[in-house]
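Encoded as structure tokens, the structure appears first; notes follow it.
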Amino acid sequence: MEVVRQHVRELLEGSVDAAVILDADRRILYFNRAYQGLTGLRGRQLERRIAEGAHCYEVFPLEICENACLGCKARDVDRPLRVDEIKAVRADGEELTFIVTAVPLDDGTIIETYRDVTADVRIQRRLQELLRREREQKELLEEKVVERTAELEHAMAELRQAQAQLVHQEKMSSLGRLVAGIAHELNNPINFVYGNVDFLGRYMEDLLGLVELVDRHPDVPQTLRDAIEQRKRDIEFDFLVEDSRKLIRSIRSGAERTAAIVRDLKAFSRTGGGDLQETDIVSGIETTLNLIGPLLKNRITVEKTFEPNLPKIVCNAGHINQVFMNILTNAAQAIEGEGTIWVDIRLTEDRQHVQVTIRDSGPGIEPELLDRILDPFFTTKDVGEGTGLGLSISDNIVRAHGGQLTYSSKRGEGATFSVVLPLRPPAGAHNDGESRAHVSRRSH
């Protein structure tokens, strides 16, 4: 055994790792030069300490010595043990990191070696720090890429919306000019019919008076009277008289209705050259209801509640009419079969705004779609039946006038849209609907 111990000592003496041989009580029996360098003691000093029975933890303590001696554990389990990254402080005060190995021998002694890996750990930690920073920079870059991508997508969406809105507004402007031109051209023949139907009625009554005079005149020869009576029977004279009067009344009613439609078309298409002007909001609603009459006829009842003596508001009449046209058309199309649309117009509590509330008895809007109905190009209608721009443009028009468009709906209870407009738009308000930013205006 002594030969083996001597051989071990020779091996440890030439090792670059610090090493000691301890007895069962952890007293130092042997140390190599590398271990002496860690203690900071000169050879005779260290030998004297050993001769005095110094323990390893008294000469060069490790951080695990106080609570969990590695050599003791190796002896107890009777096998070599190793622990990585154990810290200790060298005699000169520098903190070092070791890989500590403990090997129990058959005679009860323990060999402990200390491999200095301070530089390796520092390099590893430095690399870990560099990797951490690189990972953070990568994550930051990815966040910036996501942010920039979202900004670009938002900008593209706004650009598409602006382009579509400009095209739509140009179409509406062209349609307005076309409708105004057609209405002007229709005015002449309508006025001709309407102006002459009264003359036609009077002429006919004069002719009927003449026939009656002949019938009552005593000097008419009997043969002529008989011929006249026969002719009356042949042409069903009494029916002709009654029906002619009905036809004249129908012509007058039709001419009046046509003239009213032309007036409504002219009022609806009026843009005022893009200028704000005083507008009767009630008249605008009535005009719009007249124009969508075919959607309502014989199936939808319109219940109107208008506060009396409402003041006029300053707005772009053509654009505001377009808002009401979009909302009322959607309400009528949402109702399948018979139903009701309620229109309420009143001043708000501050008496500085007009609130128009339009409610329908349709099926309502699905909850998951409520927050999207003002988004550009979003539509629940079939392909080809809607562009998805009506409510989006309406929202922009209302906000451009300094107002607000809100909405609410419950499944099975219809939908309610409310438009609040100031009597006088705030300074700097635009009437061209150029506002682009979309803000959800769902009311609860």
Below 10 angstrom from the Cβ of residue 364, what's the summed charge of the other residues (Lys, Arg +1; Asp, Glu -1)? -1
Given a Förster distance of 56 Å, report the FRET efficiency between residue 150 and residue 124 from their Cβ-Cβ distance, rounded to the nearest 0.05. 0.90
Along the Cα→Cβ direction, 7 angstrom out, place labels at residue 78 and residue 424. What is the inter-label distance in nm? 10.5 nm
By its C-alpha gyration tensor, with a ≥ b ≥ c as the square roots of the eigenvalues, how is the stretch 2-116 shaped: rounded for a/c under 1.5, else prolate for a/b larger than b/c, else oblate? rounded
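With r as the distance between the Cβ atoms of residue 159 and residue 250 and R0 = 56 Å, compute the FRET efficiency 1/(1 + (r/R0)^6) and round to 0.05. Show your work: numbers first, answer last.
Values: r = 54 Å, r/R0 = 0.96.
Efficiency computed from Cβ-Cβ geometry: 0.55.
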Might you report the magnitude of the Cβ-based charge dipole of the stretch 2-116 about its Cα centre, with Lys and Arg at +1 and Asp and Glu at -1, to the nearest 20 debye? 220 debye
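Take peptides 214-225, 8-19 and line them up by average Cβ neighbours within 10 Å, highest first, as a rough protection proxy. Provide the component values of the computation, followed by the final result.
Details: 214-225: 8.9, 8-19: 15.5.
Peptide ranking by packing, descending: 8-19, 214-225.
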Mind giving me the nanometre distance, one decimal, between the label points for residue 10 and residue 301, set 7 Å out from Cα along Cα→Cβ? 11.9 nm
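Listed here are the pairs 246/312; 87/138; 304/410; which of them are more than 29 Å apart at the Cα? Can you show the working numbers first?
Values: 246/312 40 Å; 87/138 33 Å; 304/410 22 Å.
Flagged as over cut-off: 246/312; 87/138.
May I ask you to derive the FRET efficiency for residue 204 and residue 347 from their Cβ-Cβ distance with R0 = 51 Å, giving the value to the nearest 0.05? Display every interim value, and only then the final one.
On the way: r = 51 Å, r/R0 = 1.00.
The value I calculate is 0.50.
Please give the contour-minus-distance gain from residue 133 to residue 105: 0.36 nm per residue of separation, less the Cα-Cα distance, rounded to one decimal in nm.
Values: separation 28, 0.36 × 28 = 10.08 nm, distance 4.69 nm.
Gain on stretching residue 133 to residue 105: 5.4 nm.
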Along the charge dipole of the stretch 35-170, Cβ charges K/R +1 and D/E -1, which of 51, 127, 99 sits furthest on the positive end? 51
In percent, how large is the relative contact order of the stretch 213-344, given Cα pairs closer than 8 Å and 6 or more residues apart? 27 percent
Would you mind computing, in nm to one decimal, how far apart the modelled labels at residue 243 and residue 24 are, each placed 7 Å from Cα along Cα→Cβ? 13.9 nm
What ranking of 204, 325 emerges when the number of other C-beta atoms within 10 Å of each C-beta is taken as an exposure proxy, fewest first? 204, 325
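All of the numbers you see were taken from the coordinates with simple rules; none came from a lab. In this text the structure is predicted, and so the values were computed from the model without any measurement. Backbone-built Cβ (ideal geometry, glycine too); neighbour counts: all protein chains shown.
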